[in-house]
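The block underneath contains the structure these notes are about, expressed in structure tokens.
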Amino acid sequence: MIPLLAAVGAITIAVLLWRALGAQRISVPQRRPAVAPDDDPEFLRKLSEEQRNRRPDDSDS
């Protein structure tokens, strides 16, 4: 019984050491979560630029 417990303990320690020191985790590239248009700074910037560009055209009419 003692050799079995020693084997389980040795395997547990080996796995823990392997995970901590040796295994390089392969990470999946993080995808940007979907952002609503009113929360997207890029969309708001483009919208603001379009409004600025339209103002001179509207005032000439």
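Using a 1.4 Å probe and ignoring any ligands, DNA or RNA, find the accessible area of Leu21 and quote it in Å² to the nearest 10.
Solvent-accessible area, nearest 10 Å²: 140 Å².
Tell me, what HN-Hα J-couplings in whole Hz come from the Karplus equation 6.51 cos²θ - 1.76 cosθ + 1.60 at θ = phi - 60° for each residue of region 43-52, using x for Gly and Pro?
My calculation for region 43-52 gives 5, 5, 5, 5, 5, 5, 5, 5, 5, 5 Hz in order.
The values are calculated or read from the model by the stated rules, or taken from the named source; none is laboratory data. Keep in mind that what you see is a predicted model, and the values were worked out from it rather than measured. The area values use the complete protein model at the heavy-atom level, side chains included, leaving out ligands, DNA and RNA. Shrake-Rupley method; radii C 1.70, N 1.55, O 1.52, S 1.80 Å.
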